[in-house]
Amino acid sequence: MTDIERFITDMPKCELHVHLEGTLEPEMKFALAQRNQISLAHGSVAELRASYDFTDLPSFLGIYYDGMRVLLKELDFYDLTYAYLAKAASQNIRYAEMFFDPQAHTARGVSFDTVIRGIRRAQLDAETRLGVRTQLIMCFLRDWSAEFAMATLLEALPYKEWIIGVGLDSDEKNNPPIKFRDVFARAREERFLLTMHCDVDQENSTRHIRQCLDEIDVARIDHGVNVLEDPVLIEAVRSRAIGLTVCPISNGYVTDSTKSAEIAKFLELGIRVTVNSDDPAYFGAYLTENLLRVQEEVHLDRAALTQLVRNSFEIAWLPRRTKDAYLAELASYTA
Ligand SMILES: [Zn+2]
């Protein structure tokens, strides 16, 4: 391992764009399928892994939703979450904000309560046993109706203390941010923090980013790489200190590149860009591997790598004091 690789590997880190359902490793999919007596289309872990060959967002989503069929009981959600957090701890991730997709489960007849209790219990155990602090972000599926999203928001209200914010994910095509304007307005009234996916190189990417900023008034954008196409968006994101949660290896699967050069450009422009893993089990890469990939492609120095991680802690949805403690830990590591 080179010095810079060691530097990345041992760094205290922060993950802000990871879908819990996207951390379902093939081995766990098989184990849960067996426990729940569900038959799978693939005969082995190797065969299943080989099927993870995506070319765009829809081809990824098909395999992603199929994977969730094995998640039925509270213990399944516990095991999924705890396994991810054990992996996160092994990469020295000190703090993570994790997305979950309740509609992908409630639509299959699994109750909201089952999903969130399993996740919550794993979060508490991981914090005590592994020292990884986490918060949850509830995502709405944008290819379903706004009514279903609103019903899900209302269903989540009794569990409000367990959810820091709401987001929007799944297939962006023909599903613009404004479709969910009322849902996000209500979420804001309920004091949830707001983020949304603006996936990379979509139809109308810049229009969707503009809607996120002007009509939804998000605090962050998940992905958002296409901001660079429009000087007005660049200025808006910079002046409002909007964080971007970019996922290089995921980009490499569903677009023409990892967009590492764009990450370097955002750093140069003083925009709060961050590096994250998205769906690590499906893209075969957790946070460390994503940082290593960017470093390998655009040769960031230690200062730039530190800035990326500093940005993550800065835009995290944490009280100032807590952020400062993590930033101090990072500063003493890099000193
Ligand atoms: Zn995502």
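Below, the figures for the structure above:
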{"read-out": "PHE140 vs. criteria within 24 Å of ASP56 (Cα to Cα), without any contact (Cβ under 8 Å) to a residue 60 or more places away in the chain and in a strand (DSSP E or B)", "value": "yes"}
{"read-out": "Residue ranges of helices (runs of 4 or more DSSP H) in region 241-335 with at least 3 members of a type in the set (D, E, K, R)", "value": "260-268, 287-298, 302-315, 320-334"}
{"read-out": "Number of positions in region 120-179 that are open to solvent by 20 Å² or more (accessible area, probe 1.4 Å) and β-branched (Val, Ile, Thr)", "value": "3"}
{"read-out": "Residues of region 269-282 satisfying the condition of being without any contact (Cβ under 8 Å) to a residue 40 or more places away in the chain and in contact with a Phe, Trp or Tyr (Cβ under 6 Å, 6 or more places away or on another chain)", "value": "VAL273"}
{"read-out": "Some residue of region 24-47 being touching a residue at least 24 places away in the same chain (Cβ under 8 Å) and within 16 Å of the ligand (Cβ to nearest atom)", "value": "yes"}
{"read-out": "Region 87-109, residues that are open to solvent by less than 10 Å² (accessible area, probe 1.4 Å) and of a type outside the set (Ser, Thr, Tyr)", "value": "ALA88, ILE93, ALA96, GLU97, MET98, PHE99, PHE100, ASP101, PRO102, GLN103, HIS105"}
{"read-out": "Candidate set from region 196-229 (those that are open to solvent by 10 Å² or more (accessible area, probe 1.4 Å) and at positive phi); member that is nearest to the ligand (Cβ to nearest atom)", "value": "ASP201"}
{"read-out": "Test result for GLU190, closer than 26 Å to THR306 by Cα and acidic (Asp, Glu)", "value": "no"}
{"read-out": "Inter-residue pairs, beta-carbon under 8 Å, first open to solvent by 60 Å² or more (accessible area, probe 1.4 Å) and in region 53-74, second assigned to a helix (DSSP H, G or I) and among the aromatic types (Phe, Trp, Tyr), 6+ apart", "value": "THR55/TYR253"}
{"read-out": "Extreme residue, nearest to the ligand (Cβ to nearest atom), among residues of region 230-277 that are under 18 Å from ILE8 (Cα atoms) and open to solvent by 10 Å² or more (accessible area, probe 1.4 Å)", "value": "ILE249"}
{"read-out": "Pairs with Cβ under 6 Å, 6+ apart, first in region 121-137 and within 25 Å of LEU168 (Cα to Cα), second of a type in the set (D, E, K, R) and surrounded by 16 or more Cβ atoms within 10 Å (Cβ to Cβ)", "value": "GLN135/GLU97; ILE137/GLU97"}
{"read-out": "Scan of region 88-117 for residues that are under 16 Å from ARG133 (Cα atoms) and either more than 15 Å from the chain's Cα centre (by Cα) or assigned to a loop (DSSP other than H, G, I, E, B) (or both), ordered by number", "value": "ALA89, SER90, GLN91, ASN92, ARG94"}
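The values are calculated or read from the model by the stated rules, or taken from the named source; none is laboratory data. Computed from a predicted structure; not experimentally measured. Here the Cβ is made from the backbone with ideal geometry for all residues, glycine too, and neighbour counts use every protein chain on show. Surface accessibility is based on the protein's heavy atoms, side chains included, excluding ligands, DNA and RNA. Shrake-Rupley method; radii C 1.70, N 1.55, O 1.52, S 1.80 Å.
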